[in-house]
Every structure is written in structure tokens, then in C-alpha cells.
Amino acid sequence: MRPLPAIVVAVMVVGALSSVTAYETARPQAEHWREIAWPFPRDGWPAGRAFRCGVAWCGDDVEVYVRPKVGFCNCDRGVTDDDEVDRVADLDLISERFVPLAAGEVVRVAEMPGRIRAYNLRMPDGARHSAVGIAVSRRCDLLVAVAQGKGGAADVQRLAINLLTTDAMKQWMTAAMDGR
């Protein structure tokens, strides 16, 4: 077997690196998310943070809303069932008409265990959106996030998790849960 000429090897290396770069730039990065004003009326919990990723980077307008609910969790068990995600994940702030698509799954966000569940939403104007509710806990405190968009639930979930697992968001979520 003859060794490949150096030029062929170089072309293969450049092609592989180009593919990695294309993948990395095609995936929405933290800088593609823009923080927006908390869009919901006041309730019993402090306002959180809200973010939007537009069509150019996320393929659809996707919004993520996240906030702590300090002192609002089962101290012994944490978030262990889908009924709790349905109750606490702030889906009702977007629309009171939401239907789970399937059983939720275990998730870990910012080193906090909990559950994630996908939903169909019927918006007040009759439009249908996909949503994902996330509830994670630490000690007796809860952190909730809800994401919504017009695309499929799997895409909304992937985009929300990509945002929530950035270093900046993990730092903010940890600080928010510590009351800082």
C-alpha cells in the first residue's frame, strides 16, 4: 500500500476541520440568544430572565424563560414526577391550554436534578406552539424554565438545553439559587 501524497492528507485535514467549524457555527451559541424583558405579569415569585433566539440562528423564534422559586420544593425528594413539572414550570404563564406530549425525562441542569417534559400549547390567538417545561431542584429550592416556539418540541428542547448549559447561564442559575 502506497502512502498518500501530502497534498491529499492536507485536503482531508482541511475538510474535516471545515466540517467541525460548520457544525459549531450552525448550532446556536450563547451570543445568538438576546435577553428580553420578562413578559409576564407579577405573581408570587420574582421575575426571572427571558431570552429569544431568532429565525436566523434557531430556525424559528424560540423563547426561554427561567427563574428560581426559592423555598418551593419538596426538600426530601426534589422534582420526581411529571405532575410537579406540569404545576410549577410556568407553562400557564404562556397559555393555560397545554397538553403533555409524553412522559417526561430525568434532566440535570447546572448540577441540579429534575425533570423535563414536552408539551403542545394552544396560544390565546389559536396558534399552536411547542413547549418544554423544566423543573430542577437543590435542597428546598426550585429552578424552573419553560421554552416555547413554533417548531417541533424536540428542536425547542434542544435549543433550550443548549442555552441553559452555557457557562454564563449555569453561573447565573447557581447564584440565583444561592440568593445572590
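The values are calculated or read from the model by the stated rules, or taken from the named source; none is laboratory data. Every value quoted in this text rests on a predicted model; they were computed, and no experiment measured them. When we count neighbours, we look across all protein chains shown, and the Cβ atoms used for this are built from the backbone with ideal geometry, even at glycine. Heavy atoms of the whole protein, side chains included, go into the accessibility calculation; ligands, DNA and RNA do not. Shrake-Rupley method; radii C 1.70, N 1.55, O 1.52, S 1.80 Å.
In the stretch 101-160, which trypsin sites (Lys or Arg not before Pro) fall in coil by DSSP and have 15 or fewer other Cβ atoms within 10 Å?
Arg139
For the stretch 60-65, just list the computed ³J(HN,Hα) in residue order, Karplus coefficients 6.51, -1.76 and 1.60, θ = phi - 60°, integers in Hz, with x standing in for Gly and Pro.
Result, ordered by residue: 6, 6, 10, 10, 10, 10 Hz.
Provide the FRET efficiency to the nearest 0.05 for the Ala127-Asn74 pair, computing r from the beta carbons and using R0 = 25 Å.
Efficiency for this residue pair is about 0.10.
So what is the relative contact order of the stretch 22-180, in percent, for Cα pairs below 8 Å that sit 6 or more residues apart?
23 percent
Semi-axes of the equivalent ellipsoid of the stretch 50-95: what are they in whole Å, largest first, if each equals the square root of 5 times a C-alpha gyration tensor eigenvalue?
28, 11, 10
Among residues other than Ile94 whose Cβ falls under 11 Å from its Cβ, what is the net charge (Lys/Arg +1, Asp/Glu -1)?
Computed value for this residue: -2.
Along Cα→Cβ, 7 Å out, is where each label goes; now give me the distance between the ones at Arg87 and Arg42 in nm to one decimal.
With each label point 7 Å from Cα toward Cβ, the separation is 2.6 nm.
Tell me the net charge near Ser130. Cut-off is 10 Å between Cβ atoms, Ser130 excluded, with +1 for each Lys or Arg and -1 for each Asp or Glu.
0
Would you mind computing the Rg to Rh ratio of the stretch 70-139 from its alpha-carbon coordinates, Kirkwood style for Rh?
1.01
Report, to two decimal places, the Cα Rg of the stretch 23-180 normalised by 2.2 N^0.38 Å (N = number of residues).
Here the answer is 0.97, to two decimals.
How many percent of the accessible area of the stretch 69-170 is carbon or sulfur, using a 1.4 Å probe?
That share works out to 49 percent.
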